[in-house]
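Undergrad: Submitted below is the structure of interest, expressed as structure tokens.
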Amino acid sequence: MSKSVDANADDFITVQIGGQLFGIPILEVHDVFRLERMTRVPLSRPDIAGVLNLRGRIATTIDCRARLGIPPRAEGAAPLAVGVEHGNELYGLLIDSVGEVLSLSADSFEPNPVNLDPRWQKISKGIYRLEGKLLVVLDMTALLDIAKRDAA
Amino acid sequence: MDDLMTEFLTETAESLTVVDAELVKLERDPNNADVLSKIFRLVHTIKGTCGFIGLPRLESVAHASENMLGKFRDGVLQVTPEAVTLIFQSLDRIKEILGGIERTEAEPQGDDSDLIARLTKAAAGNLSEEPASEPHASADEETPQDLPLVEHLAAQEASPLAPPVQANAQPRANDPQGVESSVASQSIRVNVDVIENLMVMVSELVLTRNQLLEMVRHKDDSEFKVPLQRLSNVTGELQEGVVKTRMQPIGNAWAKLPRIVRDLANELGKKIDLQMHGAETELDRQVLELIKDPLTHMIRNSADHGLETTAERKAVGKPETGIISLRAFHEGGHIIIEIADDGRGLPTDKIKAKALANGIVTQADLALMSEAQIHRFVFHAGLSTATKVTNVSGRGVGMDVVRSNIELIGGSVDLKSKQGAGSTFTIKIPLTLAIVSALIVGVQGMRFAIPQICVVELVRVAAGTEAQIERINQTPVLRLRNRLLPLVHLSEVLKVQGPPDAAVPSEAFIVVAQAAGRSFGMIVDSVFDTGEIVVKPVSPLIKDVAMFSGNTILGDGSVIMILDPIGVSSAVSSETTARSGSEDWRAGRVTAEKPRAQAQLIFRAGSPEPKSVPLALITRLEMVDAPRIEQSNGRFVLQYRGALLPLVVFDDGGAIKTEGRQAVLVFTDEDRNVGLAVDEIIDIVEEELNVELSAAKGGVLGSAVIRGKVTEIVDVSYYVSEVFRSWFAPAKSESSGGVSERRRVLVVNDSIFFSALIVPLISAAGYEVTEAPNADAALKLKEEGVSFDLILSDIERPGVGGNVMAEMVRNDPSWASTPVIGLVQKIDGATRGSRNPFDALVEKYDRDGLMATIRDRIESKERAA
């Protein structure tokens, strides 16, 4: 594997969900957008926030708070969403706010602590120790392949 | 030239071009397995197709080439330029023959034995002897170590083989290149992906157009109006055009069927005539692909299960040759495909038994179902009625897969079947999957699309309109043209109810829909409009929600979910069939028994469904301490009033409690008591019953809806007789034997239930009872000179009819004086007022009334005598 790919793989967009810093691999991110019109999907899993029109394509939106077991956000400003593409499908991840792009070195990476909430364990690839805070790396495959995860 | 041949020529010409190129590659890189297998595959395909459409000359050449290529592939033969040249020659020969076919539509005459012999020889030769067999190979291309062998070969084979090759040289030079032209160039083969992409783009364009139209609609004098109209038209035409490129005649999916049927006919020893109509009907290739397998399966099913064997057909007077007919036609934006056979029809009883055995349905549900509904169980998973698994079908996977495959593409499948006359399966599928017309409805402020394919009509209900939603035990129904239509609140099905205190909307709409062979109505708050929507598949994350078949983007840019009518329909059935049944059930039972009111004891035993028995049959209800129940000889008994009370439990999982108190229904027969252990006594109700009789399951007389719940009517006689067989049978004959001078009563009745309960009652009162199952049997007794003191006859049931029999009794001198009591379900104004030949009428389950009447009539007869 070449050096440049390595560097890219370690680039993350940081987002805040319920006060926690998360990192989403930048290669997976399509865009970040403000949620305006979303359609709720009746009977779907509670962590499916709905479906929306993202430039002519339909994106399924996942409420990351519900997924992580964090209480819902207070009513107010339209939430932000990160658009990611996974398996030819478009998804939106509801987040509280978006931060910066970080290039992180593998030195500060370590696996999930064993005492992490199982819900978090499942969708976290591991933790980066940053200065003064910790960054949880979101595992897109685990986050989006709900069916597979449940079957396993 | 027919389509098949045109296509074959086009396809083969293309394949050959590829093979040409690949062969050159192979020559340069003899060890490239990928290239080799590609060539092999292509030649194999050509050979296969030739065989299929009957081109023997081509086939044999291709076959020989394939053999040789096979040797390459297996490593037996080394790829040498000579060998490749030989293959090239055979390819040229193939092209030459193809050219002939294109000119004359038939294989040109010619002898390929020389070429084939060389190919075979080359293929047969092992490496040491003959790596390359090409006599014309130029020596300068040879690698040194090959040289001696080639020389040897050339010396051996040059003379017989050279002339034909030379003879062919002339046409070869002209033809192969020239021939590819005419037919092959009239049509082009486009990668499916390209067309799929085009379709997606057009779909987006349609969407954008809709958005623009939506914007301009609200502005009366927009300068965009005219150009937009033009854009709209062009878009429409473009959409049509692209859809057309995806269209293929359905005959393509049928092409293999005649062969399959022929083979099946041989295998099964049947004579089958497959008739196909409408093969030219076009549909989307995506749909076509998806429909192929289900179709094949259904044809196999018809051949295997549907049609009888030749002998069976002869026996029932049908022509020996069974007919399977396949018909396709367009109908309102859909393709209808019918697969009909003139075979034996579906075996209703077997399906019933199987559905019960597999727990798909309860006896009670079954009793309420029409034959058509029962037939539809063949679409249910795990129900194959073939008792023996044949090579062809009957493995228990089948029609359910067919159904789900068809429903997957938004289609539906239904069947009609008549015992002895055959079955017809009807598949209805959309022309294309990408764009459907849909009705947009509103529920609790959310919008949903309902595919028009399943919408039958719209009904508006509001204060003052004729149509009103009525309720039966909270279940909404609608009177629609003298039928009751089961309704569902879409908001309930989708669980999107508003706040509970919200005002009930003043008007609502009912979308009358048909799906999965069932009519039902969906109650929605509002109906917006209809339109073409571009169906997009739902994300895997929400795929498991059965209520939606897809989603779409509307003209205003918002995303809405597309309802899956089949999903909704299953919600309807699970919520309402038990209570209200479906339409055809109701239509089918117009003449069913009249309602009758009688006190019923409702209880629960074994299964969770309520059961009931007529209260009149029960002597006593007892609650006993469970520990008092003892076992004797493997049976449960209870010391009861100085005697042993045998206890029976229900077949379907009833049990005797080991602690606490056990409820026991005590039935009296003659001087003996029988206790029926039940789990819980629920209620006593006096209600009109619509008992649907069914005899398929012991211990259950049928089922009826009592207080909104399907309740099994227990056949007490079943349990009582079970006990008597084992406990009392010897005693019974003894007790009825000895007494003389007993009054003789004839009971004309065909119900075991009734007999088992009433007959003991009468005989317990000191009468000698003779039973006749029907009026004819009774009249036969009369002719035999048997006389009775009284006749008890069920009016509604047996043989020539109770009324007629009573008349005949009246008119016969020997029996004229015998009083005849008519048993009716219920005495009401009509029965009381009507003229009848009976001395008295008694309600069937009024046992005190019955006993009193019998006593009274016999006494008055004797007084008169």
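The values are calculated or read from the model by the stated rules, or taken from the named source; none is laboratory data. Keep in mind the model is a prediction, meaning the values are calculated, not measured. Cβ coordinates were reconstructed from backbone atoms using ideal geometry, including for glycine residues, and neighbour counts include every protein chain displayed. Surface areas here come from the heavy atoms of the whole protein model, side chains and all, with no ligands, DNA or RNA. Shrake-Rupley method; radii C 1.70, N 1.55, O 1.52, S 1.80 Å.
Undergrad: What does the accessible area per residue of segment A:11-151 come to in Å², with a 1.4 Å probe and no ligands, DNA or RNA counted?
TA: 49 Å²
Undergrad: Given R₀ = 25 Å, FRET efficiency for B:HIS330-B:VAL456 by Cβ-Cβ distance, to 0.05?
TA: The computed FRET efficiency comes out at 0.85.
Undergrad: To continue, here is another question. Give me the percent relative contact order of segment A:11-151, please, defined on Cα pairs under 8 angstrom at least 6 residues apart.
TA: It rounds to 26 percent for segment A:11-151.
Undergrad: I would also like to ask the following. Using a Förster distance of 35 angstrom, determine the FRET efficiency expected from the C-beta separation of A:LEU134 and A:ARG57, and round it to 0.05.
TA: Efficiency at R0 = 35 Å is approximately 0.55.
Undergrad: Continuing with this model, one more query. Could you work out [θ]222 nm for chain A from helices alone, using -39500 (n - 2.57) per DSSP H run of at least four and dividing by all its residues? Round to the nearest 500 deg cm²/dmol.
TA: Only helices count here, giving -4000 deg cm²/dmol.
Undergrad: Something else about it: Which trypsin sites (Lys or Arg not before Pro) from segment B:236-279 combine a DSSP loop assignment with at most 15 other Cβ atoms within 10 Å?
TA: Those that pass, being in a loop and sparsely packed, are B:LYS256.
Undergrad: May I ask you to list the residues of segment B:603-617 whose amide nitrogen lies under 19 Å from a point 7 Å from Cα along the Cα→beta-carbon direction of B:GLU680?
TA: B:603-613
Undergrad: Could you name every residue in segment A:17-40 that has 20 Å² or more less accessible surface in the full protein assembly than in its own chain alone (probe 1.4 Å, ligands and nucleic acids excluded)?
TA: The answer is A:ARG37, A:THR39, A:ARG40.
Undergrad: Name the residues of segment B:520-553 whose accessible area, probed at 1.4 Å, falls by at least 40 Å² once all protein chains are in place instead of their chain on its own?
TA: At a threshold of 40 Å² (probe 1.4 Å), the residues of segment B:520-553 that become less exposed are B:SER539, B:PRO540, B:LEU541, B:ILE542, B:VAL545, B:ILE553.
Undergrad: I would also like to ask the following. In the structure shown, do any of A:LYS133/B:LYS543; B:LYS314/B:LYS416; B:LYS270/B:LYS418; B:LYS38/B:LYS244 have a Cα-Cα gap over 28 Å, and if so which?
TA: Pairs exceeding 28 Å: A:LYS133/B:LYS543; B:LYS38/B:LYS244.
Undergrad: Can you list the residues of segment A:83-114 that have at least 20 square angstrom less accessible area with all protein chains present than in their chain by itself, probe 1.4 Å?
TA: Buried on complex formation: A:GLU89, A:TYR91.
Undergrad: What part of the accessible area of chain A, given as a whole %, is carbon or sulfur when the probe is 1.4 angstrom? Before the final figure, lay out each step's value.
TA: Details: 4130 of 7830 Å².
Its accessible area is 53 percent carbon and sulfur atoms.
Undergrad: A plus B alone minus the pair: what accessible area, both sides summed, probe 1.4 Å, in Å² to 100?
TA: Roughly 1800 Å².
Undergrad: Another one. Pop a pseudo-label 7 angstrom from the Cα along the beta-carbon direction at both B:ALA311 and A:ALA106 and give the gap in nm to one decimal.
TA: Rounded to a tenth, the inter-label distance reads 7.6 nm.
Undergrad: Among B:LYS25/B:LYS47; B:LYS256/B:LYS428; B:LYS47/B:LYS292; B:LYS47/B:LYS271, which pairs are too far apart, with a Cα-Cα distance over 26 Å? Kindly include the intermediate steps, with their values, before the conclusion.
TA: Numbers: B:LYS25/B:LYS47 22 Å; B:LYS256/B:LYS428 21 Å; B:LYS47/B:LYS292 23 Å; B:LYS47/B:LYS271 30 Å.
Result: B:LYS47/B:LYS271 exceed 26 Å.
Undergrad: Now, a different point. Using the scaling law 2.2 N^0.38 Å as the reference, what is the normalised Cα Rg of segment A:11-151?
TA: Against the compact-globule rule of thumb, the ratio is 1.02.
Undergrad: Using 0.36 nm per residue, how much length does the chain from B:ARG628 to B:SER37 gain when fully extended, once their Cα-Cα distance is taken away?
TA: Going from the current span to full extension adds 204.5 nm.
Undergrad: Right, next: Determine, from the Cβ-Cβ distance of B:GLN275 and B:ALA106 and an R0 of 25 Å, the FRET efficiency 1/(1 + (r/R0)^6), rounded to the nearest 0.05.
TA: Efficiency, from the Cβ-Cβ distance: 0.35.
Undergrad: Given labels modelled 7 Å from the Cα in the Cβ direction, how far is it in nm from B:LYS350 to A:LYS122?
TA: Going by the 7 Å Cα→Cβ label model, 4.6 nm.
Undergrad: Separate question: Treat every Asp and Glu Cβ in segment A:11-151 as -1 and every Lys and Arg Cβ as +1, leave all other atoms uncharged, and give the resulting dipole magnitude about the Cα centre to the nearest 20 debye.
TA: Details: 16 positive and 18 negative charges, 93 e Å.
The dipole magnitude comes to about 440 debye.
Undergrad: Sticking with the crude label model, points 7 Å out along Cα→Cβ, report the distance from B:ASP812 to B:VAL190 in nm, one decimal please.
TA: That separation, rounded to one decimal, is 8.6 nm.
Undergrad: Grab the alpha carbons of segment A:55-121, take their convex hull, and tell me the volume per residue in Å³.
TA: 158 Å³
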